[in-house]
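Asks: The structure under discussion is supplied below as structure tokens; questions concerning it will follow.
The values are calculated or read from the model by the stated rules, or taken from the named source; none is laboratory data. What you are looking at is a predicted structure, and each value in this text was computed from that prediction instead of being measured. Cβ: placed from backbone, ideal geometry, glycine included. Neighbour counts: every protein chain shown. Heads up: the accessible areas ignore ligands, DNA and RNA and are worked out on the full protein's heavy atoms, side chains in. Shrake-Rupley method; radii C 1.70, N 1.55, O 1.52, S 1.80 Å.
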Amino acid sequence: MDTVYAQLTGFPQGVSGFISKGGNIYYMSAYPITDTSGGNAAGTLILGRVIDDEEIEVMTEGAGVNFTVTGIDRVPFSTSELESLNTSKRALVIDGGVATAYSSFDDIFGDTALMVSVQDSSRALYMRGVLLITVIIILAALGCGLALILVLNLLGKIILRPLTGLVTELEGINHERVDGRVTVNESSLEMSNLTNAINSMLNHIEDEQEQIRKKNESLYKSAHFDALTGLSNRTSATEDLEETVKIAQTGGYNVTVYYMDIDRFKFINDILGHRLGNELMQMIAERLQNTFGGESIYARMHGDEFLVCVEHLEDKADRQECASRIMDLFAAPFQLRDRKIEVSASVGSALYPGDGLDADTLIKNAEIAMYQAKESGTGLYIAYKKDLHDALQRKVRIENQLRTSIHNGCREFLAYFQPKLSVETGRIEQCEALIRWNLPEGMIFPDEFIPQAEESGLIVPMTWWMIDECGRQGRRFSDRGMPMSIAINIPAQVLLHEEFTERIAAAQAAMGGSNLEIEIVERTLLDDIDMVGAVFKTLHEGGVEISVDDFGTGYSSLSYLNKLSIDRIKIDRSFMRGLEASEDDRSIVRAIVAMAKSLGIIVTAEGVEDQFQYNFLRGMDCDEIQGYYISRPVEADQYINFINEWNEHNPQD
């Protein structure tokens, strides 16, 4: 201990702490003693206390574990335990089921010399823990079991039994119509909400099904019925006719298919407007339904085309009588708002089984017959014959070629000119422009392609070309010292076209000393007399004269001649052909000339071909003649040469 005491005196400030010596642990304190003057130390006061087991027990009383304090050299540590102790000053030793935890402390001099250990039985701790956990698990299991029993009971009462009833009710609902509802269950808020939600879902499904049903009905109606008239459409009519043919085949009787097309409907549509055109279609459909409803198939096939199918018409007379019933639909005029419109139709028919064994063939052949009726005039009926195919094919070919020619700038069209001779002066200062169509395979004359152009609407661009061409040629005539009044045939759909007067004015302005005259047929005057009158007024203001062509063959009326300020009438060529042999024709010509003279209207006789006709007309004081007696229609260059020769042989004073 002397060595320890000597070491403790070496701390000028004093020191306190543990010391391990001789297998015992001491707690030592050393304090330097100085003289009264605060000078050098006079000595060192050393105090110490042995830390034995009794002292440790007093110090650790109530801790619940066994503490031991010993020297480091008193514990047999393994190499790994010493390494842990040196590194972290802690080590855990397990021996014989007892766990001991060691912590090392440095003594007063900084050397590791003191060891504190805590010891308890680890297995005893483990067993106490296991017991506690087991008790907790058992209690938890008992609680969960009781809770599960309660929950299952509540589920059965609140959910399972109501759900079983709900499923039963749902199975009883007609799922096609969704025409039922489940009973609202008030046993719980949840079930009440569930049944209300299901009923809401059923309501929604019912609404959706109703919308689907309406859409399906609308789709079916669109697919099988005409939206404008409510009649069956082509699809529906073809299906119904196919079924009718099958039944007729079994029953051994015939079926007649009538195909009807409204004459001049494009003109009505263009002039009166699509709205009135639609109203006319509806009125025709109503008359058709009133006449054939309940006994026949009837349908709107396309645009202004209708179909009627009638069974058991045994012979030609029966089929003709049925066709007359169709024609009678148009006997009375149609009242379209503030105007009355007279309409006719062309009708063709095909007979099962002679003209076809299925619906498509019968419809096609009836349509072919209808086109032939249309070619022959208006308001006519023709039954199908096999040789009509060639005529239809040519018609289709002509229409396609017309479209191609117009698309290519009308280069295949030519303007021919036929002179009008003044009977009084013998001068030629008037002519009529006539269109010709020169294809590579040969010339096609107007009687063949003009009706097709009018029906298809191609007459409009064709007439625009003719007006422009007459403007150009009129300028040529003027430049050669032979100004001409050139008459152009104007169809009804062109006369009332919104661009017509502007195009006429532009051509008139380009002609120099020449001018334009328009020729229209009598029927055009009656289509819309107020609109026609307004157009005529504009034309007159621009210096354009107006002639009525084919006078005496249509709706001749003194009232419209006077009201519309007609400048010239042309006696139809049909009266010229019978002039020599027929007193009636001569009387008609005398009456026409006299009437025109009384109204101050110029009279031109067309189709004059011989001396007798010329002499007679001259004797009647007819103003002008036109026909082969003077010249055939010729091209512009030939016409110029003809006028030069005429003037040379017929000099004027």
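Asks: For region 197-226, name all the residues that are modelled with pLDDT under 70, more than 29 Å from the chain's Cα centre (by Cα) and loosely packed, with under 14 Cβ neighbours inside 10 Å.
Replies: A197
Asks: Restricting to region 492-513, what's the tally of residues that are in contact (Cβ under 8 Å) with a residue 40 or more places away in the chain and in a loop (DSSP other than H, G, I, E, B)?
Replies: Initially, region 492-513 is screened for residues in contact (Cβ under 8 Å) with a residue 40 or more places away in the chain, giving 492-493, 495-497, 501, 504, 507, 511.
Those left that are additionally in a loop (DSSP other than H, G, I, E, B): 496-497, 511.
Adding up the residues that qualify gives 3.
Asks: Now a separate question. Which residue pairs have Cβ atoms closer than 8 Å, lie 6 or more positions apart in sequence or on different chains, and pair a first residue in region 561-574 that is within 24 Å of Y628 (Cα to Cα) and modelled with pLDDT under 85 with a second residue that is part of a helix (DSSP H, G or I) and open to solvent by 10 Å² or more (accessible area, probe 1.4 Å)?
Replies: Listed pairs, sorted by first residue: none to list.
Asks: Counting only residues that are part of a helix (DSSP H, G or I) and surrounded by fewer than 18 Cβ atoms within 10 Å (Cβ to Cβ), how many does region 466-485 have?
Replies: Within region 466-485, residues that are part of a helix (DSSP H, G or I) and surrounded by fewer than 18 Cβ atoms within 10 Å (Cβ to Cβ) number 6.
Asks: Suppose the filter is among the polar types (S, T, N, Q) and touching a residue at least 40 places away in the same chain (Cβ under 8 Å); does S376 pass it?
Replies: no
Asks: Something else about it: I'm trying to understand the selection: among the residues of region 360-371, which are surrounded by fewer than 19 Cβ atoms within 10 Å (Cβ to Cβ) and of a type in the set (S, T, N, Q)?
Replies: Matches in region 360-371: T361 only.
Asks: Which condition number does R568 fail, the rest of (1) open to solvent by less than 60 Å² (accessible area, probe 1.4 Å); (2) in contact with a Gly (Cβ under 6 Å, 6 or more places away or on another chain); (3) of a type in the set (K, R) being met?
Replies: Of everything listed in (1) open to solvent by less than 60 Å² (accessible area, probe 1.4 Å); (2) in contact with a Gly (Cβ under 6 Å, 6 or more places away or on another chain); (3) of a type in the set (K, R), R568 misses just condition (2).
Asks: Among the numbered criteria (1) at pLDDT 90 or above; (2) over 22 Å from E412 (Cβ atoms); (3) surrounded by 19 or more Cβ atoms within 10 Å (Cβ to Cβ), which one does A506 miss?
Replies: (3)
Asks: Among the basic types (K, R), modelled with pLDDT under 90 and at negative phi: is that true of R337 in this structure?
Replies: On the way: among the basic types (K, R): yes; modelled with pLDDT under 90: yes; at negative phi: no.
Against the criterion (among the basic types (K, R), modelled with pLDDT under 90 and at negative phi), R337 does not qualify.
Asks: Give just the number: which of (1) within 17 Å of I268 (Cα to Cα); (2) open to solvent by less than 50 Å² (accessible area, probe 1.4 Å); (3) not polar (S, T, N, Q) does D530 not satisfy?
Replies: All conditions pass for D530, except number (2).
Asks: Looking only at region 450-465, decide whether some residue is under 22 Å from R568 (Cα atoms), open to solvent by 30 Å² or more (accessible area, probe 1.4 Å) and in contact (Cβ under 8 Å) with a residue 40 or more places away in the chain.
Replies: First, the residues of region 450-465 that are under 22 Å from R568 (Cα atoms): 463.
Adding the requirement that they be open to solvent by 30 Å² or more (accessible area, probe 1.4 Å) leaves none.
Looking through region 450-465, none of the residues is under 22 Å from R568 (Cα atoms), open to solvent by 30 Å² or more (accessible area, probe 1.4 Å) and in contact (Cβ under 8 Å) with a residue 40 or more places away in the chain.
Asks: How about region 2-29: which of its residues are loosely packed, with under 12 Cβ neighbours inside 10 Å and on the phi > 0 side of the Ramachandran plot?
Replies: G22, G23
Asks: Hey, could you check region 30-47 for residues that are at pLDDT 75 or above and open to solvent by less than 60 Å² (accessible area, probe 1.4 Å) and say which is farthest from G17 (Cα to Cα)?
Replies: G43
Asks: Considering each residue of region 387-398, count those that are open to solvent by 100 Å² or more (accessible area, probe 1.4 Å) and at pLDDT 80 or above, and give that number.
Replies: Of the residues in that region, 1 qualify.
Asks: Just need a number here: residues in region 431-459 that are at pLDDT 90 or above and among the charged types (D, E, K, R).
Replies: Final tally of qualifying residues: 2.
Asks: Now for a different question. Evaluate the following for L228: is it within 20 Å of A345 (Cα to Cα) and in a loop (DSSP other than H, G, I, E, B)?
Replies: yes
Asks: For region 255-359, please list each of the strands (runs of 3 or more DSSP E) lying entirely inside it that holds at least 3 residues being crowded, with 20+ Cβ neighbours inside 10 Å. Even if it seems obvious, please write down each step before you answer.
Replies: Working: elements: 255-262, 297-302, 305-311, 334-336, 339-341, 345-352.
Ranges flagged: 255-262, 297-302, 305-311, 345-352.
Asks: Within region 570-627, work out how many residues are of a type in the set (S, T, Y) and in contact with an Asp or Glu (Cβ under 7 Å, 6 or more places away or on another chain).
Replies: Filtering region 570-627 down to residues of a type in the set (S, T, Y) leaves 574, 582, 587, 598, 604, 614.
Still in the running and in contact with an Asp or Glu (Cβ under 7 Å, 6 or more places away or on another chain): 604.
The total comes to 1.
Asks: How many residues, within region 598-629, are assigned to a loop (DSSP other than H, G, I, E, B) and open to solvent by 20 Å² or more (accessible area, probe 1.4 Å)?
Replies: Of the residues in region 598-629, 8 are assigned to a loop (DSSP other than H, G, I, E, B) and open to solvent by 20 Å² or more (accessible area, probe 1.4 Å).
Asks: Against the definition (farther than 14 Å from E624 by Cα and at pLDDT 85 or above), how does A605 come out, yes or no?
Replies: So A605 fails the test.
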